[in-house]
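As structure tokens, the structure follows; a few thoughts come after it.
The values are calculated or read from the model by the stated rules, or taken from the named source; none is laboratory data. Everything quoted here is computed from the prediction, not taken from an experiment. Here Cβ is always computed from backbone atoms with ideal geometry, including for glycine, and neighbour counts include all displayed protein chains.
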Amino acid sequence: MKQSIYHPEIARIESWETIPLVAVAAANVILETVQTDPRAHITYATGETMIPVYMATEGIAQQKRISFQDTTASHLDEYWPADPCRDEFSFVKYLRERVFEPLRIPQAQRYEMSGTTDDPEKEARRYDALLSENPVALAILGIGPGCHMGFNERGTSFEQRTHLARLSGETIHRDRNERNLSTPEHAITQGIGNILDAQRILMVAFGVQKGEYLFEALYGSISSDCPTSALRTVGEKVTIVIDTEAASAMETMERASA
Ligand code: F6R
């Protein structure tokens with residue numbers, strides 16, 4: 001069922017046969033973090049990939065009576081402008097509905113980025129300070145167009161802290177044309193520097209296209225041209241959970257490049 005994929009820099013890469021199995025394996029990493037430290041600060045990615053992961057997390061937490069009530073929750077990014085009360089695409093809306101409320105994380109322990117602010121640069125500085133004062137035990141990540149993680153697009157320095165990012169043409173195309181969302185061209189995002197500071201990092205990916213992004217990140221050069229390749233600089237604390245489709249896409253690309 002599970003296959004371990006050897007990589008010289010990344011501590012753990014697991015491939016599972018189906019998306020539900022990927023979701024449970026990823027949920028178990030999240031739940032282990034909370035069992036080890038019930039007050040853990042966790043950074044949650046949003047996006048389609050994470051929907052089954054958070055559903056599995058909620059289900060297993062209920063079954064095993066694992067409480068998130070003492071944990072703190074932050075997130076990677078939010079579109080700007082975005083209003084969680086009005087905009088379907090808002091990541092704050094997503095997190096309230098899929099993470100904060102189902103896992104019953106108290107209001108005071110939810111660090112929400114404001115997508116409604118008039119001064120996104122100031123909001124990015126506020127969020128960055130919050131992250132510096134509250135070390136992250138686990139950062140949960142997905143991978144997207146141009147190998148982005150968070151909304152760190154190609155060309156972002158590995159030292160970059162939380163900032164207002166201009167989204168790439170590829171990301172805007174995915175959101176507006178493939179997903180039919182009226183998303184803006186900017187987002188506030190944790191920088192790669194913030195992500196690499198986390199004590200542990202979990203990346204989840206499934207499907208052929210994600211396998212192709214991952215191949216570039218894991219086997220191409222480590223460079224700001226491929227933001228996710230930064231994970232290899234802290235590979236000892238990284239776990240990547242993927243499905244067999246993503247794993248086969250990586251193999252196919254490896255064969256083609258040999
Ligand atoms: C979302 C985020 C993004 C997504 C990536 C993949 O908070 O930071 O980097 O993880 O765009 O998105 P999905 O999972 O929707 O394909």
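Is it the case that Glu185 is more than 13 Å from the ligand (Cβ to nearest atom), more than 22 Å from Val208 (Cβ to Cβ) and out of contact with any Ser or Thr (no Cβ under 9 Å at 6 or more places or on another chain)?
yes
Considering only residues that are farther than 17 Å from Pro145 by Cα and touching an Asp or Glu at 6+ places or on another chain (Cβ under 8 Å), look in the stretch 191-208 and name the one that is surrounded by the most Cβ atoms within 10 Å (Cβ to Cβ). If you could, list the steps in order and put the result at the bottom.
Filtering the stretch 191-208 down to residues farther than 17 Å from Pro145 by Cα leaves 193-202.
Still in the list and also touching an Asp or Glu at 6+ places or on another chain (Cβ under 8 Å): 193-194.
Numbers: Gly193: 19, Asn194: 24.
The qualifying residue surrounded by the most Cβ atoms within 10 Å (Cβ to Cβ) is Asn194.
For the condition modelled with pLDDT of 95 or more, under 19 Å from Asp197 (Cβ atoms) and within 13 Å of the ligand (Cβ to nearest atom), what is the one hit in Leu95, Leu141, Leu130? Steps first, answer last, please.
On the way: Leu95 fails: under 19 Å from Asp197 (Cβ atoms); Leu130 fails: within 13 Å of the ligand (Cβ to nearest atom).
Only one candidate qualifies: Leu141.
Only one of (1) within 18 Å of Val238 (Cα to Cα); (2) among the charged types (D, E, K, R); (3) within 12 Å of the ligand (Cβ to nearest atom) fails for Arg179. Which number is that?
Just one mismatch for Arg179, condition (1).
Of the residues Gly191, Gly155, only one is more than 10 Å from the ligand (Cβ to nearest atom), touching a residue at least 12 places away in the same chain (Cβ under 8 Å) and at positive phi; which?
Working: Gly191 fails: at positive phi.
Going through Gly191, Gly155 in turn, just one is more than 10 Å from the ligand (Cβ to nearest atom), touching a residue at least 12 places away in the same chain (Cβ under 8 Å) and at positive phi: Gly155.
List, please: which pairs have Cβ atoms under 6 Å, are six or more places apart or on different chains, and start with a residue in the stretch 203-221 that is free of Cβ contacts under 8 Å to residues at least 12 places away in the same chain and end with one that is surrounded by fewer than 24 Cβ atoms within 10 Å (Cβ to Cβ)?
So the pair list comes out as Gly220/Cys226.
Which of the following residues is in contact (Cβ under 8 Å) with a residue 12 or more places away in the chain and of a type in the set (Ser, Thr, Tyr): Ser4, Ser90? Write out each step before concluding.
Details: Ser4 fails: in contact (Cβ under 8 Å) with a residue 12 or more places away in the chain.
Unique residue meeting the criteria: Ser90.
What is the one condition in (1) away from the ligand (no atom under 12 Å from the Cβ); (2) within 18 Å of Met203 (Cα to Cα) that Arg65 does not satisfy?
With (1) away from the ligand (no atom under 12 Å from the Cβ); (2) within 18 Å of Met203 (Cα to Cα) applied to Arg65, the lone miss is (2).
Of the conditions (1) of a type outside the set (Lys, Arg); (2) on the phi > 0 side of the Ramachandran plot; (3) away from the ligand (no atom under 13 Å from the Cβ), Pro135 fails just one. Which one is it?
Among (1) of a type outside the set (Lys, Arg); (2) on the phi > 0 side of the Ramachandran plot; (3) away from the ligand (no atom under 13 Å from the Cβ), the lone unmet condition for Pro135 is (2).
Please state which of the following conditions Val22 fails to meet, knowing it meets all the rest: (1) of a type in the set (A, V, I, L, M, F, W, C); (2) more than 16 Å from the ligand (Cβ to nearest atom); (3) more than 21 Å from Pro120 (Cα to Cα).
Here Val22 clears every test but (2).
Do we have any residue at all in the stretch 14-30 that's modelled with pLDDT under 95, in contact with a Leu (Cβ under 8 Å, 6 or more places away or on another chain) and either β-branched (Val, Ile, Thr) or in a loop (DSSP other than H, G, I, E, B) (or both)?
no
Mind listing whichever residues of the stretch 140-167 are in contact with a Phe, Trp or Tyr (Cβ under 6 Å, 6 or more places away or on another chain) and assigned to a strand (DSSP E or B)?
Hits for the stretch 140-167 are Ile140, Ala165.
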